[in-house]
1. Add +1 for every Lys or Arg and -1 for every Asp or Glu among the other residues with Cβ under 12 Å from the Cβ of PRO46, and state the total.
2. If exposed GluC sites (Glu not before Pro) are those in a DSSP loop with at most 11 other Cβ within 10 Å, what is the longest stretch of the chain that has none?
3. Over the stretch 1-130, what is the percentage of antiparallel beta bridges among all DSSP beta bridges, to the nearest 5?
4. Return the carbon/sulfur percentage of the accessible area of the chain, one whole number, probe 1.4 Å, all protein chains in place.
5. Please identify the trypsin sites (Lys or Arg not before Pro) of the stretch 1-58 that satisfy two criteria: DSSP loop assignment and at most 12 other Cβ atoms within 10 Å. Which are they?
6. What trypsin sites (Lys or Arg not before Pro) in the stretch 39-129 are in a loop by DSSP, with at most 15 other Cβ atoms within 10 Å of the Cβ?
7. I'd like the chymotrypsin sites (Phe, Trp or Tyr not before Pro) in the stretch 87-162 restricted to DSSP loop residues with at most 14 other Cβ atoms within 10 Å, sorted by number.
8. Contact order normalised by length for the chain, with contacts defined as Cα pairs under 8 Å and 6 or more residues apart; what percent is it?
Amino acid sequence: MIRTATPADVPVIHSMVRELAEYEKALEEARATEEQLREALFGERPAAFAHIAESADGEPVGFSLWFLNFSTWRGVHGIYLEDLYVRPQARGGGHGKALLGELARICVERGYERLEWSVLNWNKPSIDFYEALGARAQDEWTVYRLTDGALAELGRGRGAQR
């Protein structure tokens, strides 16, 4: 049901990334190309990893895309789950749980102590699913992000001053 992605999976991963972005009401922000995904996942220095969930007949129905993070407090790596997606027609079939289970297995096998991800506050079905697995929201932390013009300005040494 779950397997490591291969370069041949890049088109279906790209398609599902766009499906996820549409579900999250942000399709216009999904600008990654198949070539960028191929390089990130299978290039000279892969920076991300992916797994594919397949139906009983071998059809890709979901994916997870993740990368390593590091905890200075624990002194070990962890996994940051960037995307978890199961196509609507396959939801409820155990694919999401199996994808998360594979990442948890990797964490245990490699001695990683955290599996983390973000979820949109309005995505109650996903929140309920994650909490049923024992995941807990980290409400005391606020995520910050620099992108586009603000990132470029700060990178050029001209960020906003207080």
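The values are calculated or read from the model by the stated rules, or taken from the named source; none is laboratory data. Everything numeric here is computed off the predicted structure, so don't read it as measured data. Please note: Cβ atoms are built from the backbone with ideal geometry, for glycine as well, and neighbour counts cover all protein chains shown. Accessible surface areas use protein heavy atoms only, side chains included; no ligands, DNA or RNA. Shrake-Rupley method; radii C 1.70, N 1.55, O 1.52, S 1.80 Å.
1. 0
2. Value returned for the longest uninterrupted segment is 45-139.
3. For the stretch 1-130, the DSSP antiparallel bridge percentage is about 85.
4. Accessible surface attributable to carbon and sulfur in the chain totals 53 percent.
5. LYS25, ARG31
6. Sites meeting the loop and neighbour criteria: ARG74, ARG91, ARG114.
7. Hits after loop and neighbour filter: TRP122, TRP141, TYR144.
8. 17
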